[in-house]
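These notes are about the structure you will find just below.
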Amino acid sequence: MRALVLHAAGDARVEERSAPSAPGEGQALVRVVRAGLCGTDASEFTAGPVMTPLRTRHPASGVLGPVVLGHEFVGVVEALGAGEHEVTVGDRVVAGAGAWCGSCEWCREGRTNLCRSYWTAGLSADGGLAEHVLLPAAMLRRVPDAVDDDNAALAQPLAVGLHGVRRAGVAAGDVVVVNGAGAIGSFIVAGVAAAGARAVVALDVDTERLRVAREMGATHTVDVRSEDASAVVSELTGGDLADVTVEASGVPEGMSTVQRLTRRGGRILLVGLPKKPVSFEAVDLILREIDVVTTVAHVCDDDIPAALALLAERDLAAFLVERVVPLHDAVDGALRRLAEGRARGKLLVDTTAVSP
C-alpha cells in the first residue's frame, strides 16, 4: 500500500509499505478515504522528532519509526478481530486516534486522554495517511450519513476543541474570548458558539483567520495589531470583562493577554503550547480568584460523538478546508505547504486517489 512516512526531520516520503496484517483481538482494519494534516504533523516534519518515536521506541505503543503520519482521518471498516465492537464491517468511521488501556486510575475515572499507557495513531504509531491502517476498534465511531468525508476528517480536531470547551465550563449566556484563531482556536470558537455563549470574541493578527472565526461562530473579531481587545470586551460586558478566556495562540505573552480580559471570578483555559516560558501576574489571579484550567486531546467516548453531531448540523468543511490533494502529492501539496506557513485553511489528503 501507499503511505506518507516520516523518516526524520525534513524527510517525509510517500512510499510503498506492506499492508497491515489481519486484525487481532480488539483490532480493526480500516480502508482510509480522507486524512487531515495539522500543526503537530508539520512540527514533527520541521523540528522532530518531538512526539514521533523515530529514535527511541515508544513506551506504550512499542513502535520505533519510521512512522506513518496522520491522526485525523475517516475510512471504512474492512475487517474486525475477535471481541465485541461498537462498529461492524462496512461502517464508515472516524478514529479518535488516541488509544487507552481502560484499566488504569485515569481510565476508570473516564479521563481516558490521561491514560497511563496513552498513545496516538499517526504520532506514536502508524496512522491514517495511508491506504489502510490497523487500529484498536475501541477508538472508532460511526459517521452519520449526514456528514460527508471532508467534514468527517475534521471530527478528531473538533473533538479536541469541544473537550476544551467542556474543561472551560462554558455556559449559555457567557461572554468568551478566544485568543488565537488558528486551527484549534477555530474549533473552540465553534464549540463555544454551540454551547450558547452570548458573545464570542476571537483575537488574532491574521484577517483571514478572523474571517473564518466569524464563519465558525464568533460574534466579534479583533485584529490585535490595530484594535484594542480590552475596549471591545469592556463594551460587551459593561466593564466586567469576559466570563471565560481561552489562550489558543501558543505565544508566550498569550497568558498575560487573556488574563487582562478575564473578569473577577472568571476562568482561563490554556490550550496553545508555548515554545518559551510564560509569564503572568500570580497576585492578580489570586486576588480576583480567577481559575486557570488546561486541556489536552479529548475523551473519545464523549467528544468524538459530540463532534460528529455538530458536523451533522453544520458544514464546517465548506469554509475550513482549503484543498484536498491526492496521496501521491501529500508531501509537497500538503505537509510542506503547512510546514512553510503557506496554508490558509485545512489541508486534506484523498488516500483513494490513483497515483500517476
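The values are calculated or read from the model by the stated rules, or taken from the named source; none is laboratory data. The structure displayed is predicted, hence computed values, not measured ones. We place every Cβ from the backbone using ideal geometry, glycine too, and count neighbours over all the protein chains shown.
Tabulated values for the structure
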| quantity | calculated |
| --- | --- |
| Unique match (being closer than 30 Å to Ala9 by Cβ and hydrophobic (A, V, I, L, M, F, W, C)) among Leu158, Leu140 | Leu158 |
| Strands (runs of 3 or more DSSP E) contained in the range 218-313 and holding at least 1 residues more than 21 Å from Leu162 (Cβ to Cβ) and in contact (Cβ under 8 Å) with a residue 12 or more places away in the chain | 220-223, 262-270 |
| Search result, residues across the range 165-201 that are of a type in the set (Gly, Ala, Ser), over 21 Å from Ala297 (Cβ atoms) and buried (at least 24 other Cβ atoms within 10 Å of the Cβ) | Ala197 |
| Residue satisfying condition, being at pLDDT 95 or above, farther than 30 Å from Asp145 by Cβ and either polar (S, T, N, Q) or in the same structural domain as Ala9 (by TED's automatic domain parsing) (or both), within set Thr294, Thr351 | Thr294 |
| Condition check for Glu208: in the same structural domain as Arg263 (by TED's automatic domain parsing), in a helix (DSSP H, G or I), at pLDDT below 95 and surrounded by fewer than 24 Cβ atoms within 10 Å (Cβ to Cβ) | yes |
| Qualifying residue in the range 321-336 (condition: out of contact with any Lys or Arg (no Cβ under 8 Å at 6 or more places or on another chain), under 22 Å from Ala193 (Cα atoms), buried (at least 20 other Cβ atoms within 10 Å of the Cβ) and of a type in the set (A, V, I, L, M, F, W, C)) | no |
| Some residue of the range 160-171 being of a type in the set (A, V, I, L, M, F, W, C), assigned by TED's automatic domain parsing to the domain that holds Ala79 and in contact with a strand residue (DSSP E or B) (Cβ under 8 Å, 6 or more places away or on another chain) | no |
| Among the candidates Ser18, Ser43, residue that is among the hydroxyl-bearing types (Ser, Thr, Tyr) and closer than 29 Å to Val77 by Cβ | Ser18 |
| Tabulated pairs, the range 54-75, first in the same structural domain as Asp145 (by TED's automatic domain parsing) and buried (at least 19 other Cβ atoms within 10 Å of the Cβ), second acidic (Asp, Glu) and in a loop (DSSP other than H, G, I, E, B), C-beta under 7 angstrom, 6+ apart or interchain | Val67/Asp126; Val68/Asp126 |
| Qualifying positions in the range 31-52 - within 26 Å of Val93 (Cα to Cα) and surrounded by fewer than 23 Cβ atoms within 10 Å (Cβ to Cβ) | Arg31, Val33, Cys38, Gly39, Thr40, Ala42, Met51 |
| Subset of the range 325-356 (residues that are over 18 Å from Ser186 (Cβ atoms), outside any helix (DSSP H, G or I) and of a type in the set (A, V, I, L, M, F, W, C)) | Val325, Val349, Ala353, Val354 |
| Residue in the range 186-196 that is touching a residue at least 12 places away in the same chain (Cβ under 8 Å), closer than 15 Å to Thr295 by Cβ and part of a loop (DSSP other than H, G, I, E, B) present | yes |
| Breaking point among (1) within 18 Å of Asp41 (Cβ to Cβ); (2) assigned by TED's automatic domain parsing to the domain that holds Val189, for Lys276 | (1) |
| Yes/no for Gly96 being under 22 Å from the mean Cα position of the chain (by Cα), within 20 Å of Asn113 (Cβ to Cβ) and in contact (Cβ under 8 Å) with a residue 40 or more places away in the chain | yes |
| Test: Val331 is of a type in the set (Val, Ile, Thr), out of contact with any strand residue (DSSP E or B) (no Cβ under 6 Å at 6 or more places or on another chain) and modelled with pLDDT of 95 or more | no |
